[in-house]
Amino acid sequence: MLLHLCPILVQFWSSFACLSLQGHTAMGGWAWPELLVLLGSAWLWVGSAHPTAPGPTPHPGPQLRFRLAGYPRKHNEGRVEVFYNDEWGTICDDDFTLSNAHVLCRHLGFVAATGWAHSAKYGKGVGRIWLDNVNCAGTEKSIGDCKHRGWGNSDCSHEEDAGVVCKDERIPGFKDSNVIESHVEEVRLRPVVSGGRRQLPVTEGIVEVRYKDSWAQICDQGWDSHNSRVICGMMGFPAEKKVNRNFYRLFTERQQLNYRLHSVSCTGTEVHLSMCSFEFYRGNSSAACGAGMPAVVSCHRAVPFHTIPRLSLLPQPRIRLKGGARVGEGRVEVLKSNEWGTVCDDRWNLQSASVVCRELGFGSAKEALTGARMGQGEADGAEGPGSISSWSCG
Ligand SMILES: [Ca+2]
Ligand SMILES: [Ca+2]
């Protein structure tokens with residue numbers, strides 16, 4: 001679960017229109033208690049979808065906010081998350097169209113969409129699936145105005161979370177009140193072992209996340225090996241190992257620290273720290289790590305012998321990557337009955353790819369490629385193009 005405690009910057013509209021019943025019918029059948037709550041609440045309109053100043057009758061509606069999430073992605077693409085009824089949720093890919101993506105990209109401050117993605121391409125969200133079977137004409141001002149099954153009514157799982165790819169051009173004057181300062185994207189291991197000839201690649205160090213123009217630490221209270229495993233995977237290493245925490249405690253006691261995250265909890269299968277659950281320090285609370293210290297991680301550069309599955313120790317490898325341009329990239333092939341075969345990419349995702357990446361001595365997977373981008377396998381069989389698992393390992 002990914003917790004975002006983002007600063008809520010709310011744009012108040014100085015003027016607002018009376019609620020029209022017709023408007024709310026279009027929002028998908030509101031119950032009277034909800035209407036009363038809405039009427040009683042301040043009219044906040046956040047993350048304006050309107051490129052221009054509000055007219056005399058701004059669109060009535062609940063507090064909706066939007067953000068792009070997931071990994072890996074560029075800033076103008078991602079899983080769409082919508083904040084409705086005080087909860088962040090996702091949108092199901094059923095019947096999704098480019099017109100839907102246009103409306104969502106405008107909510108996010110981009111002029112239009114160039115594409116969209118299905119099947120949780122940017123990773124699975126958590127919590128509610130707010131919208132399903134969304135069907136926009138493309139000109140709607142709010143996604144709530146498009147046809148859909150009703151807020152919170154879906155027959156989907158998070159494996160069907162929709163994503164959008166927006167044109168990298170901002171709506172002029174768009175105030176990005178949806179900037180999620182709380183996203184963790186860049187992570188590094190800062191080595192502290194002294195010595196002129198520092199070992200490369202860095203396999204051990206203080207875990208730091210980029211925050212504004214510098215780097216900040218993570219409070220390690222509650223930190224466990226699952227978290228370390230995810231960090232190692234991100235750094236391109238297959239496994240984690242124990243660190244001498246006392247050494248680092250002595251070292252970090254003499255350092256000025258700026259904690260940014262705490263309560264990190266990964267299951268170990270995530271391909272990026274941003275997919276784990278964690279919390280942010282709010283305000284200026286950089287010294288608030290209690291009895292903890294900065295999280296330190298140490299990684300194995302190769303798969304540790306005792307963890308290698310016995311099958312992999314056979315003289316012949318059982319799994320390989322073929323057809324990739326670089327080491328660690330390619331179509332997945334598995335050996336069975338003396339024959340190499342491919343793996344169907346149904347439900348293939350970064351988590352599945354990571355399992356094999358680690359088995360091959362890499363870190364977690366960087367990109368799960370679908371659509372037989374690495375070429376079709378020879379033993380393809382009946383599945384046809386687009387059905388072969390390919391990926392790139394970190
Ligand atoms: Ca679906
Ligand atoms: Ca559906």
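The values are calculated or read from the model by the stated rules, or taken from the named source; none is laboratory data. Everything numeric in this text was worked out from a predicted model, so none of it was measured. Positions of Cβ are generated from backbone atoms using ideal geometry, with glycine treated the same way; all protein chains shown enter the neighbour counts.
Just a few scattered comments:
- When residues of the stretch 60-103 are limited to those that are farther than 17 Å from R128 by Cβ and of a type in the set (F, W, Y), the one surrounded by the most Cβ atoms within 10 Å (Cβ to Cβ): F96
- For the stretch 132-162, the set of residues classified as within 16 Å of ligand 2 (Cβ to nearest atom), buried (at least 21 other Cβ atoms within 10 Å of the Cβ) and closer than 17 Å to H102 by Cβ consists of V134, C136, I143, C146, H148, A162, listed by residue number.
- Verdict on G109 being more than 13 Å from ligand 2 (Cβ to nearest atom) and in contact with a Ser or Thr (Cβ under 6 Å, 6 or more places away or on another chain): no
- The sole residue among C105, C92, C146, C136 that is touching a residue at least 12 places away in the same chain (Cβ under 8 Å) and within 13 Å of ligand 1 (Cβ to nearest atom) is C92.
- Subset of the stretch 133-144 [of a type in the set (D, E, K, R) and farther than 16 Å from D95 by Cβ]: K141
- When K124 is tested against (1) within 16 Å of ligand 1 (Cβ to nearest atom); (2) under 17 Å from F66 (Cβ atoms); (3) modelled with pLDDT under 95, exactly one condition is not met: (2).
- Among the residues of the stretch 153-166, those that are out of contact with any Cys (no Cβ under 6 Å at 6 or more places or on another chain) and either within 16 Å of ligand 1 (Cβ to nearest atom) or modelled with pLDDT under 95 (or both) comprise N153, D155, S157, H158, E159, D161, A162, G163.
Listed here are the residues, each with its yes/no results for (1) closer than 26 Å to Q351 by Cβ; (2) surrounded by 15 or more Cβ atoms within 10 Å (Cβ to Cβ).
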{"position": "H118", "(1), (2)": "yes, no"}
{"position": "K124", "(1), (2)": "yes, yes"}
{"position": "W130", "(1), (2)": "yes, yes"}
{"position": "V164", "(1), (2)": "yes, yes"}
{"position": "E169", "(1), (2)": "no, no"}
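- Of all residues making up the stretch 68-89, the number that are without any contact (Cβ under 8 Å) to a residue 40 or more places away in the chain and hydrophobic (A, V, I, L, M, F, W, C): 1
- Contact map, the stretch 154-165: first residue without any contact (Cβ under 8 Å) to a residue 60 or more places away in the chain, second residue of a type in the set (A, V, I, L, M) and within 11 Å of ligand 1 (Cβ to nearest atom), Cβ cut-off under 8 Å, separation 6 or more or different chains; pairs are S157/I129.
- A single entry from R245, R210 fulfils the requirement of being among the charged types (D, E, K, R), in contact with a strand residue (DSSP E or B) (Cβ under 8 Å, 6 or more places away or on another chain) and over 17 Å from F280 (Cβ atoms): R245.
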